[in-house]
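To start, the structure itself, in structure tokens.
Just so you know, all these numbers are worked out from the coordinates, no wet-lab data involved. Remember, it's a predicted structure, so these values are computed and weren't measured experimentally. Counting neighbours? That spans all protein chains shown, and the Cβs are built from the backbone with ideal geometry, glycine included.
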Amino acid sequence: ESILSNRTTPRLVYQALWGRLQQKKSWTGVLINRRKDNSLYLAELNVAPVLDEDNDVIYYLGMHRDTSDMHELEQRVANQKYMIEGVFNAAPMAMVLVDRQQRILMVNHAFRELTQQLTLQGSMEDALSSILYRLGDFYQALESNGTPFSDAEIAFDLDNYHQRWFLCDGSTIEQEDEVASNFFAQPAGRQILLTINDITELRQRQQDSQLNALKALMAEEELLEGMRETFNGAIHRLQG
């Protein structure tokens, strides 16, 4: 191993290695090694002492494996996971990813905050069930046929005086099964992504605008009624 060493593996790793071997125990770990062309690679090393009849160490048996490609793939998957979670949580609208059994796979911060506002216990499952119930046929078509929907409006009555409105979008994400037994025959794997956008403020402004327009119309009707009564009175006097 000293021939392959790149001298960049921390000294503590080698201290742990020799500490285990001096106790006549095996050691497993990862070292940074160097190839003939001076390129670096990760080596997974398993070292165990070979003992004679007197329990003395006569050899060390080492198994050496290049794990650079596996490490690269693992890091790439981890980085993609962190990136997806970062984008997911940065979205201003509430987002939730569920499977075909309506089990929650991933949520963002906005959905957690929405859950606290819509349910007494702050249960994400209860909030999701309420949303899916209000989506009705939109969600049924998405779940059964993969038919996406957009701008589906739902409402929540929080109490006798407060109401919340939301616009919902739904789409599917196709994924392959990771189980080895399904390598040659992939079952249909579908996950459902829901986005819930709060439009309560917009709806309230629309209602206020409609209410103000109705008030203006009523005021105009009252004015016309007053003018009509005045004209009728004048005509009556003229007739008299």
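Annotations
- Stretch in the chain that is longest and holds no trypsin sites (Lys or Arg not before Pro) that DSSP places in a loop and that have at most 13 other beta carbons within 10 Å: 104-240
- Ellipsoid semi-axes in whole angstrom, largest first, where each is sqrt(5λ) of the Cα gyration tensor of the chain: 74, 20, 17
- Net charge, ASN197 excluded, C-beta distance under 13 Å - Lys, Arg +1, Asp, Glu -1: -3
- Counting only aspartates and glutamates at least 8 places from LYS36 when in the same chain, those with an alpha carbon closer than 20 Å to its own are GLU1, GLU44, ASP66, ASP69.
- For the range 13-85 and the range 172-238, distance of Cα centres in Å: 63 Å
- Additional length obtainable on full extension of the chain from VAL77 to ILE173, 0.36 nm per residue less Cα span: 32.8 nm
- Within the listed set PHE149, PHE111, PHE183, the residue fluctuating most in the Gaussian network model of the chain (springs between alpha-carbon atoms under 10 angstrom) is PHE183.
- Positive-end residue of ALA94, GLN175, ILE84, charge dipole of the chain with Cβ unit charges: ILE84
- Karplus (6.51, -1.76, 1.60) ³J(HN,Hα), θ = phi - 60°, over the range 110-115, in Hz, Gly and Pro reported as x: 5, 5, 4, 5, 5, 4
- For the range 13-22, backbone phi angles converted through the Karplus equation (6.51, -1.76, 1.60; θ = phi - 60°) give residue-by-residue couplings of 5, 5, 5, 5, 4, 6, x, 5, 5, 5 Hz, Gly and Pro being listed as x.
- In the chain, the DSSP-assigned H stretches of four residues or longer account for a calculated mean residue ellipticity at 222 nm of -15000 deg cm²/dmol, using -39500 (n - 2.57) per stretch and the full residue count as denominator.
- For the range 1-57, the list of GluC sites (Glu not before Pro) that fall in a loop by DSSP and count at most 10 other C-beta atoms within 10 angstrom reads GLU53.
- Using only side-chain charges placed at the Cβ, +1 for Lys and Arg and -1 for Asp and Glu, the dipole size of the chain relative to its Cα centre rounds to 800 debye.
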